[in-house]
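Step one of this worksheet: look at the structure below.
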Amino acid sequence: MRINGSQIGFNPDYTEDAPAIDQVRALDDFAILEFGTPWCGHCKASRPAAQEVLTELNIPHIKIYDGKGKLLGREFRVTLWPTFILLHSGEEVARLVRPKHVKEFSDFVAHIQGVLRH
């Protein structure tokens, strides 16, 4: 299943048309949800590392415009931006919150690659 607004590898654009939780839970493979906003300073700061890392991965990246009243972010208990969530078959496998350093992304990717190998 492919969700609108997803892109294989790095997705540069946040979508306000977030998928419903049922659509996310119905995913049958790996995907990365990213919650944030285009104006968030932390989101802007993490973008280069995210782009470098996620471009290398062959899994969907769903970039979701989050904020007050946005249901999907509340379902995943997102409180800080950006928040990256690795899903497998619609279930959370790993989470990276407000990465500040490339090393954090490297560790997240190592976890993803470890999960993908199993």
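Details
- In order through region 53-70: 3J(HN,Hα) via Karplus (6.51 cos²θ - 1.76 cosθ + 1.60), integer Hz, x for Gly, Pro: 6, 6, 4, 6, 8, 9, 9, x, 10, 10, 9, 10, 5, 10, x, 4, x, 8
- Computed over the chain, the per-residue total of -39500 (n - 2.57) for DSSP H runs of n ≥ 4 gives a 222 nm mean residue ellipticity of -10500 deg cm²/dmol, rounded to 500.
- Packing here is the average count of other Cβ atoms within 10 Å per residue, and on that basis the peptides 47-57, 11-21, highest first, run 47-57, 11-21.
- The chymotrypsin sites (Phe, Trp or Tyr not before Pro) found in region 61-118 include none that occupy coil by DSSP while having at most 16 further C-beta atoms within 10 Å.
- Max mean-square fluctuation residue, GNM over the chain, Cα-Cα springs under 10 Å, options GLY41, GLY67, GLY90: GLY41
- For LYS63, the residues whose modelled amide H falls within less than 5 Å of its own, excluding neighbours fewer than 5 places apart on the same chain, are THR15, GLU34.
- In Hz, Karplus ³J(HN,Hα) per residue of region 92-100 (6.51, -1.76, 1.60; θ = phi - 60°; x = Gly, Pro): 5, 10, 8, 9, 10, 10, 6, x, 10
- What the phi angles of region 35-47 give under the Karplus curve with 6.51, -1.76 and 1.60, with θ = phi - 60°, is a coupling list of 9, x, 9, x, 9, 5, x, 5, 5, 4, 5, 8, 4 Hz, glycine and proline written as x.
Read-outs: derived from the displayed coordinates by stated rules, not from any lab. As the structure is a computational prediction, the values presented were derived from the model and not from experiment. Every residue, glycine as well, gets a Cβ built from its backbone with ideal geometry; the counts of neighbours run over all protein chains shown.
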